[in-house]
Amino acid sequence: MNLFRKSPWIIHYDGASCNGCDIEVLACLTPRYDVERLGIINTGNPKHADILLITGYINEQSQPVVRTIYEQMPDPKVVVAVGICASSGGIFRDCYNTKGGVDSTIPVDIYVPGCAARPESIMDGVVQALDLLERKRKEKKTRRRAIAPTPTSEVPTP
Amino acid sequence: MSAWTRILAAILFVLLSPILAGLLAGLDRIISARMQSRIGPPLLQPIYDLLKLFQKERIAVNRSGHFFLLGYLLFTILAGIEFFIGGDLLIVIFALALASVFFVLGAFAAGSPYSHIGAERELIQIMASEPMLIMCAMGFYVATGSFQVTTIHAQPTPLIATLPGIFLGMIYILTIKLRKSPFDLSTSHHAHQEIVKGITTEFAGPYLAIIELAHGYETILLLGFLYLFFAPWPLLALAALIAVYFLEILADNTHARLYWQWVLRTSWAFTAIVGAGNLILLHYLQRGGTP
Amino acid sequence: MSSQATMHLPLFLILFPLLLAGLLALVGGNATARSALAKVGSGTVAIGALALYWTTLHREAQFFAWDAVWLDRAVLTAEIAVALTLLLISLRGRQPLIALLVLAQGALMALAEWGGHAHPHVAAPLFVDSLSVIMALIIGVVGGLIVWHAVGYMPHYHHHEAQTPDRQRGFFASIFLFLGAMFALVFANHLGWLFLAWEVTTLCSYLLIGYSRTPEATRNAFLALRLNLIGGVAFASAILYIARTGGSLALNEVVASGSATALIPAALICFAGLAKAAQMPFSSWLLGAMVAPSPVSALLHSSTMVKAGVYVFVRLAPILQDTLVGLLFALVGATTFFFASCIAISQNNAKRVLAYSTIANLGLIVTCASIGNVQAVWAAILLIIFHAVAKALLFLAVGSAEHSIGSRDIEDMEGLIARRPKTALAILIGIAGMFLAPFGMLVSKWAAIEALMKGHPILPVIVAFGSSATLFFWTKWMGKILSTVKGAPPPHGPVSMEEKNAMFFLGVLTVGLCAIWPFISSTSVKPFLLSQFGAFVEFNRATILIMSIMLALIAALPLSLLYKGDKGLRIATPYLGGANVSERHLFTPSIGLTKPVAIRSYYLTEIFGERRLTRAGFIACLALLAILTVVVST
């Protein structure tokens, strides 16, 4: 039985967004969309989460935090970048403090475009992530993934 | 009850509690969802969650976490076995307290600020609920002359008739024990959250699953306590348990979380009044009104 | 009635420490001689007590008929000497109240002695029964281990407190005098002799508490003296009352005469017991006594002194049973238990937590003994045993921890398990012994709740609330020790061999007692209860079995620590809002610096504030004592 399909727990992190996508993410929890139907839970703790949902672009401040949170999540885990800023940096791409999209910092599995991303597309992204979780679990059985060491202050090139 | 039935009850407790508690929690989540005009998860959702957690990577902040959680689980189960085998109610309560202490120590040992706060708040919750549990045992003792669950269970008339105050107090602290608002200080179920995940913050994957499992056993055990109030009439007992659990869900969905001060003050005051009041009244009634 | 041969051991136990005290006073100036003498002494009293236990197994109470005029005179002389010493102390310290109390006591005793009525005659001034043996075991073994610990501890103490004058000669002499007096107290059947021993323990506690001679120590020593002398006056009044009414001064006859005639003197003696057992409103002396070096605290608060207070309660339990006076004493004890347990939550000084816990547990013992039914007295005696061992261990371990980390603040014990594993383990075992199933205290508490139900349901209710408070502060403390936030500073100051020995034995005793308590109960407590009540509490085998299973589980669980986790276990940093820096206890706050994580425990002072609760407890207990006075005098 694909349990990860049935019980994906999410941690939602706001890299540096305009809060538009955040509101749409939370809208998914409301009666209109009710993602708990799919067993999805919005937990506030990376150690309990399977899916890292990131809104907004990554900047100097949020980069180490995103790394740490990603590292603190137990395997198998997937990363969903929500909104165009998270996917590529969006309109902030050329800003002086922008590192880029989430994939500038950690590997991203699913990109959900939109400004702001609609709840339907966010849910679609999460559902696509579910199969990935199960696949990763099977992969993990054969080889353990190497995880990046503790975050340091080095600056990666965007 | 014969010795074999009692042993059978204990075995059934060990084997079925996780499933039963899972179903109960599933029902809880569906009802909660309906109260919020949502559809809610499938009935088996908590069981899916639990099994998934066991499949996750083992990740911990130190190498002693499993020691404390093992203690938590084992002593909760032991308390349940002692209860369903018909043993001493005080021992059940003490074993349960020991189990909680293990859990709290595990969170302390993690050395993380969030789990530390959760542990302290869990201690406040234990402190708030513990006296009522002991008073419950004492109430059964005054009414039946014994702390043995078998004797209490074998009463011909339902104890609720003589112990209404104790029953009320037990419902009150059940809210604390089930981690329901307004008393979910240390950690809470799913949608609610504060201070990350409180006492469970540092426990991930299989470790979290152990906690959920132990909590499931504890839930069934506490419902067993309530069952004793109606023991001669099992159907009434079932109806009462359903009603109580529904009330807990209702409270959970209609109340905001209280400050710890209020949790402690109200539960001590309420349980002292209804619990001790019931006990003392019964004591004098039994002695024919002569103090 | 008497088998003289077996009286040699009790006599030896009384006289040997006195002899040693004398020797130490003479040659104790020499460090080598002092430590050798103290070690020999502590070993001898422990072995003596054990020998007494073996020789008296399954024996009836034995009375030592010893009728000699010179002996009575000697005791009288000693009493006068003690009174004069106390008077001298009070005059030198300019303490008019103490002088007044000593004079009042002297006057009462003089009236009893020469008041013109028939002088009460006690045929057998000394006796041994199983309760005395249990007490002697506690004094000898636990007391002996504490002295052993002190031999290693005191040089460190003077190393740390350089400004304190080294008066170890007097220190060890007082300790042995104390032990001798305690032995005399538990073997005395003559109330006059018992009173002499009682006063000597008061005197010794003054000397030991005031050891460092700082203004605070002196003040607290006088406080202890004052409060205990108030109790002493009550004790003297009891003796005068018995003398005036023509009763017997033999303890066994007082107990046998029942509550109809002996209630008033029993109440007076129990009042004295309240003061000695530091019950509210007399509790302040025990808190003040924390200024003394740790072995003194351990001695005063676990095996001796306070145990003298509850000892008289247990002795007089048959008189208090089923009386309003007994119920009122029980209420004082229960109230003290509740308030002291609650106050302990607000304390961060380890020794004060221990002090409040001592007060609380003595309250529980007083409650049980005052209810006085068989099961309650059984619980009281077991509480005395378990508390003595676990509390001695805790005081000694905290003392050693204080020397290695330089603080007695619980907050500073963070991660002690990594810094000083053995000392930390000793503290953890001691704490577990204080409140967790299946350890001793909880066994007794479990019996106590059932026994108290037969007294009055309000008592176990109060105990239940107090117990949950104890759970809070003990677990909080354990958590602090286990919580390893960061690489802690390395400890300084070694732990001496003697300290390690004593802690090891007490730790083993604390755990071992959980396994062997049914044996102790049937060999020592049962004969006493049978002789006093003609009944005994039989325990449900199933209950003992489940307790044993719990003990086995507790013992087996640490084995799981050997399993260090397979390769699948990944050690991660704790959750710090994602703001972790490379080291696990550092994080980046909003302004971009690097800060260490700091974790502090809850003290809940808003609800459990010391001042407020102390006042409430004092008022409640004073009110109870006022009612008690009215009840007794009518």
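The values are calculated or read from the model by the stated rules, or taken from the named source; none is laboratory data. None of these values were measured; they are calculated from a predicted model. Every residue, glycine among them, receives a Cβ derived from its backbone with ideal geometry; neighbour counts consider all protein chains shown.
If you check B:LEU73 against the conditions, is it under 17 Å from C:LEU561 (Cα atoms), touching a residue at least 60 places away in the same chain (Cβ under 8 Å) and surrounded by fewer than 23 Cβ atoms within 10 Å (Cβ to Cβ)? Talk me through it step by step, then tell me what you get.
On the way: under 17 Å from C:LEU561 (Cα atoms): yes; touching a residue at least 60 places away in the same chain (Cβ under 8 Å): yes; surrounded by fewer than 23 Cβ atoms within 10 Å (Cβ to Cβ): yes.
For B:LEU73, the condition - under 17 Å from C:LEU561 (Cα atoms), touching a residue at least 60 places away in the same chain (Cβ under 8 Å) and surrounded by fewer than 23 Cβ atoms within 10 Å (Cβ to Cβ) - is met.
Let's see how each residue does on (1) surrounded by fewer than 19 Cβ atoms within 10 Å (Cβ to Cβ); (2) touching a Cys at 6+ places or on another chain (Cβ under 6 Å); (3) modelled with pLDDT of 90 or more; (4) within 23 Å of A:ARG5 (Cα to Cα):
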{"position": "A:ALA27", "(1), (2), (3), (4)": "yes, no, yes, yes"}
{"position": "A:THR30", "(1), (2), (3), (4)": "yes, no, no, yes"}
{"position": "A:ASP50", "(1), (2), (3), (4)": "no, no, yes, yes"}
{"position": "A:ILE54", "(1), (2), (3), (4)": "no, no, yes, yes"}
{"position": "A:PRO64", "(1), (2), (3), (4)": "no, no, no, no"}
{"position": "A:TYR70", "(1), (2), (3), (4)": "no, no, yes, yes"}
{"position": "A:VAL78", "(1), (2), (3), (4)": "no, no, yes, yes"}
{"position": "A:SER87", "(1), (2), (3), (4)": "no, no, yes, no"}
{"position": "A:TYR111", "(1), (2), (3), (4)": "no, no, yes, yes"}
Q: For region C:18-40, name all the residues that are surrounded by 21 or more Cβ atoms within 10 Å (Cβ to Cβ), part of a helix (DSSP H, G or I), in contact with a Gly (Cβ under 8 Å, 6 or more places away or on another chain) and of a type in the set (Gly, Ala, Ser).
A: C:ALA21
Q: Output the number of residues of region B:23-55 satisfying the condition of being under 21 Å from A:ILE10 (Cβ atoms) and either touching a strand residue (DSSP E or B) at 6+ places or on another chain (Cβ under 7 Å) or not polar (S, T, N, Q) (or both).
A: 21
Q. Going by the structure shown, is C:GLY512 more than 7 Å from chain B (Cβ to nearest Cβ), in a helix (DSSP H, G or I), at pLDDT 85 or above and loosely packed, with under 14 Cβ neighbours inside 10 Å?
A. yes
Q. Does C:VAL45 qualify as being in contact with an Asp or Glu (Cβ under 7 Å, 6 or more places away or on another chain), within 23 Å of C:ALA197 (Cα to Cα) and in a helix (DSSP H, G or I)?
A. no
Q: Would you please list the contacts, defined by Cβ atoms under 7 Å and residues six or more apart or on different chains, that run from a residue in region B:219-239 that is of a type in the set (Phe, Trp, Tyr) to a residue that is crowded, with 19+ Cβ neighbours inside 10 Å and outside any helix (DSSP H, G or I)?
A: B:PHE229/B:LEU163
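Can you report the number of residues in region B:103-119 which are in contact (Cβ under 8 Å) with a residue 12 or more places away in the chain and within 7 Å of chain C (Cβ to nearest Cβ)?
Of region B:103-119, the ones in contact (Cβ under 8 Å) with a residue 12 or more places away in the chain are B:103-107, B:109-112, B:114-115, B:117-119.
Next cut, within 7 Å of chain C (Cβ to nearest Cβ) only: B:104-105, B:109-112, B:114, B:119.
So the answer is 8.
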**Q.** Odd one out for B:LEU282, checked against (1) away from chain C (no Cβ under 12 Å); (2) touching a residue at least 12 places away in the same chain (Cβ under 8 Å); (3) more than 21 Å from the chain's Cα centre (by Cα)
**A.** (1)
Q: Among the helices (runs of 4 or more DSSP H) lying completely within region B:176-291, list those that include at least 3 residues that are more than 30 Å from B:ALA10 (Cα to Cα) and of a type outside the set (A, V, I, L, M, F, W, C).
A: B:234-254, B:260-271, B:277-286
(Q) If a residue counts only when it is closer than 30 Å to A:LEU130 by Cβ and modelled with pLDDT of 90 or more, which helices (runs of 4 or more DSSP H) contained entirely in region B:6-115 have at least 3 such residues? (A) B:45-55
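Taking the condition within 11 Å of another protein chain (Cβ to nearest Cβ) and acidic (Asp, Glu), does B:ASP28 pass? Write out each step before concluding.
On the way: within 11 Å of another protein chain (Cβ to nearest Cβ): no; acidic (Asp, Glu): yes.
When the stated conditions are applied, B:ASP28 does not pass them.
Looking at B:GLY87, B:GLY145, can you tell me which residue is farther than 26 Å from C:GLY578 by Cα and free of Cβ contacts under 8 Å to residues at least 24 places away in the same chain?
Numbers: B:GLY87 fails: free of Cβ contacts under 8 Å to residues at least 24 places away in the same chain.
That would be B:GLY145, the only listed residue that is farther than 26 Å from C:GLY578 by Cα and free of Cβ contacts under 8 Å to residues at least 24 places away in the same chain.
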Q. Restricting region C:441-459 to residues that are within 7 Å of another protein chain (Cβ to nearest Cβ) and within 22 Å of the chain's Cα centre (by Cα), which is farthest from B:ALA107 (Cα to Cα)?
A. C:ILE449
(Q) Among the residues in region C:563-578, are any more than 10 Å from chain B (Cβ to nearest Cβ) and touching a Ser or Thr at 6+ places or on another chain (Cβ under 7 Å)? (A) yes
Q: Might you check whether a residue that is more than 14 Å from chain C (Cβ to nearest Cβ) and assigned to a loop (DSSP other than H, G, I, E, B) occurs anywhere in region A:60-75?
A: no
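With part of a loop (DSSP other than H, G, I, E, B), within 25 Å of C:PHE171 (Cα to Cα) and of a type in the set (A, V, I, L, M) as the only criterion, which of C:ALA278, C:ALA224 stands out? Steps first, please.
Numbers: C:ALA224 fails: part of a loop (DSSP other than H, G, I, E, B).
None of the other options fit; the residue is C:ALA278.
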Q) Among B:LEU236, B:LEU222, B:LEU133, which is surrounded by fewer than 22 Cβ atoms within 10 Å (Cβ to Cβ) and within 12 Å of the chain's Cα centre (by Cα)? A) B:LEU222
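So which residues in region A:6-39 are touching an Asp or Glu at 6+ places or on another chain (Cβ under 6 Å) and either over 19 Å from A:PHE92 (Cβ atoms) or at the interface with chain B (Cβ under 9 Å from one of its Cβ atoms) (or both)?
Our first condition is that a residue be touching an Asp or Glu at 6+ places or on another chain (Cβ under 6 Å); within region A:6-39, this holds for A:7-9, A:14, A:22.
Passing the criteria: A:SER7, A:PRO8, A:TRP9.
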Q | Index of the failed condition, C:HIS387 passing every other in (1) over 15 Å from the mean Cα position of the chain (by Cα); (2) farther than 26 Å from C:ALA598 by Cα | A | (1)
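Here is a list: C:ILE627, C:ILE619, C:ILE591. Which entry is surrounded by fewer than 12 Cβ atoms within 10 Å (Cβ to Cβ), over 27 Å from B:GLY205 (Cα atoms) and either more than 14 Å from chain B (Cβ to nearest Cβ) or under 28 Å from the mean Cα position of the chain (by Cα) (or both)? Let's see the steps before the verdict.
On the way: C:ILE627 fails: surrounded by fewer than 12 Cβ atoms within 10 Å (Cβ to Cβ); C:ILE619 fails: surrounded by fewer than 12 Cβ atoms within 10 Å (Cβ to Cβ).
That would be C:ILE591, the only listed residue that is surrounded by fewer than 12 Cβ atoms within 10 Å (Cβ to Cβ), over 27 Å from B:GLY205 (Cα atoms) and either more than 14 Å from chain B (Cβ to nearest Cβ) or under 28 Å from the mean Cα position of the chain (by Cα) (or both).
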Q | Residues (within 11 Å of chain C (Cβ to nearest Cβ) and among the polar types (S, T, N, Q)) located in region B:249-279 | A | B:GLN261, B:SER267, B:THR271, B:ASN278
Q.
Cβ contacts < 6 Å: first residue farther than 13 Å from B:GLY224 by Cα, restricted to region B:9-22; second residue of a type in the set (Val, Ile, Thr), any location; separation 6+ or different chain. Result?
A. B:GLY22/B:ILE47
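Do the conditions hold for C:ALA598, that is, is it among the aliphatic types (A, V, I, L, M), more than 11 Å from chain B (Cβ to nearest Cβ), assigned to a loop (DSSP other than H, G, I, E, B) and surrounded by fewer than 18 Cβ atoms within 10 Å (Cβ to Cβ)?
Details: among the aliphatic types (A, V, I, L, M): yes; more than 11 Å from chain B (Cβ to nearest Cβ): no; assigned to a loop (DSSP other than H, G, I, E, B): yes; surrounded by fewer than 18 Cβ atoms within 10 Å (Cβ to Cβ): yes.
Answer is no for this residue.
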Q | In region A:77-111, the residues that are part of a strand (DSSP E or B) and over 10 Å from the mean Cα position of the chain (by Cα) | A | A:THR98, A:LYS99, A:GLY100
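Among residues belonging to region B:120-136 that are more than 7 Å from chain C (Cβ to nearest Cβ) and of a type outside the set (Val, Ile, Thr), point out the one that is nearest to B:GLY71 (Cα to Cα). Step through it out loud before you land on a result.
From region B:120-136, those more than 7 Å from chain C (Cβ to nearest Cβ) are B:121-122, B:124-125, B:128-129, B:132-133, B:136; that's our starting set.
Among the residues that remain, those that are also of a type outside the set (Val, Ile, Thr) are: B:121-122, B:125, B:128-129, B:132-133, B:136.
On the way: B:ARG121: 20, B:GLU122: 17, B:GLN125: 19, B:ALA128: 22, B:SER129: 21, B:MET132: 24, B:LEU133: 21, B:CYS136: 25 Å.
Filtering first and then ranking leaves B:GLU122.
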Q. Which members of region B:76-102 meet the condition of being more than 7 Å from chain C (Cβ to nearest Cβ) and aromatic (Phe, Trp, Tyr)?
A. B:PHE83, B:PHE84, B:PHE102
Q: Confirm whether C:GLY433 is over 30 Å from C:ASN540 (Cα atoms), crowded, with 24+ Cβ neighbours inside 10 Å and at pLDDT 85 or above.
A: no
